[in-house]
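Here's the structure we're looking at; comments come further down.
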Amino acid sequence: MATEYVHGYAAQEAARLIDQASTLTDLLHFDTSYPAGSLVLEAGCGVGAQTVALAARSPQATFVSVDISPVSLRRAKARVEEAGLRNVTFQETDILSLPFSEAHFDHAFVCFVLEHLARPEKALDQVRCVLKPRGTLTVIEGDHGSAYFHPDSEFARQAIQCLVDLQRHAGGDALIGRRLYPLLAQAGVRDVRVSPRMVYVDASRPALVDGFIRKTFTAMVEGVGEQAIREGLIEAESWRKGIRDLCRTAEADGTFCYTFFKAIGVK
Ligand SMILES: C[S@@+](CC[C@H](N)C(=O)[O-])C[C@H]1O[C@@H](n2cnc3c(N)ncnc32)[C@H](O)[C@@H]1O
């Protein structure tokens, strides 16, 4: 794990991950489905925000969803039960030392996890090892360098940069989306295809204005405010203006773009 998970495990962050997943489900998962009878590893399931979408879309596949955080796993379990899904089991496990035998899983799925790891290569190596030959590996990551918006704001860009810097100090990489192809290829994954998934938001898409600009992206940046100010990365007043200007993009004449990267390859 990165020395310190930059988003933390507070209830507010759990809610943000769930808002993020429900807002982005179609964009990220429309082409994710696993055949009946297959066994799928979800590594770094967190509070189960993606788990529900995965398990619901592949009701006849079985998922083993693992995370290093017992608190998140408890929330994930509750969420999956609430959704009435019975094809998921949970396990507390470090992705850097997976306790499964070689070639145990038919497929594997990793979402928003590599960005927090100091050694994403090692995690990919572990996941690849527990995959059967010809099994698929799907990885989804964001890239905060892909965020641009109207009205543009130097303060908003500074606030986003604080998150990028804090994540880097914690050993992670908030710009990892652009690195997925080389990371997977270097891990020995074959036939890697990366598809950028752009979220574009304006007032004609009110669900995304609220679900993405406010509750996903701005909430994520806002979550590191105290730490960024405490560590001297930004003045409190500039931070306040940065968050104000990110919120400003959610007004009637604002627009916002962000790109996620989804990579799929084969062992
Ligand atoms: C941003 S959350 C993403 C959770 C989920 N995949 C989603 O998309 O909502 C990152 C998750 O990775 C987990 N994580 C970080 N380092 C880990 C490690 N070494 N092994 C397993 N899980 C890890 C964290 O506990 C956290 O739940």
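ALA11 falls short on exactly one of the conditions (1) surrounded by fewer than 19 Cβ atoms within 10 Å (Cβ to Cβ); (2) in contact with a strand residue (DSSP E or B) (Cβ under 9 Å, 6 or more places away or on another chain); (3) at pLDDT below 95; (4) of a type in the set (A, V, I, L, M, F, W, C), and that condition is (2).
Within the stretch 67-99, the set of residues being at negative phi, part of a loop (DSSP other than H, G, I, E, B) and either within 13 Å of the ligand (Cβ to nearest atom) or of a type outside the set (D, E, K, R) (or both) comprises ILE68, SER69, ALA83, LEU85, ASN87, THR93, ASP94, LEU98, PRO99.
Tally up the residues in the stretch 56-93 that are of a type in the set (Gly, Ala, Ser) and over 17 Å from the mean Cα position of the chain (by Cα), please.
Our first condition is that a residue be of a type in the set (Gly, Ala, Ser); within the stretch 56-93, this holds for 56, 58, 61, 65, 69, 72, 76, 78, 83-84.
Keeping just the survivors that are over 17 Å from the mean Cα position of the chain (by Cα) gives 56, 58, 61, 78, 83-84.
Number of matching residues: 6.
Per the conditions (1) near the ligand (Cβ under 10 Å from one of its atoms); (2) more than 26 Å from ALA14 (Cα to Cα); (3) of a type in the set (Asp, Glu), the sole criterion not satisfied by GLU102 is (1).
Restricting attention to the stretch 188-219 and to residues that are closer than 24 Å to ASP31 by Cβ and in a loop (DSSP other than H, G, I, E, B), the residue that is modelled with the lowest pLDDT turns out to be ARG205. Among the residues of the stretch 106-128 satisfying the criterion of being buried (at least 19 other Cβ atoms within 10 Å of the Cβ) and part of a loop (DSSP other than H, G, I, E, B), which is farthest from the ligand (Cβ to nearest atom)? Across the stretch 106-128, the extreme among qualifying residues is LEU117.
The residues of the stretch 30-62 that are modelled with pLDDT of 95 or more, in contact with a Leu (Cβ under 7 Å, 6 or more places away or on another chain) and either over 20 Å from GLU141 (Cβ atoms) or not in a strand (DSSP E or B) (or both), listed by number, are GLY46, VAL47, VAL52, ALA55, ALA56, THR62.
The values are calculated or read from the model by the stated rules, or taken from the named source; none is laboratory data. Nothing here was measured: the structure is a model prediction, and the numbers come from that model. Because the Cβ atoms are built from the backbone with ideal geometry, glycine has one as well, and the counts that use them run over all protein chains shown.
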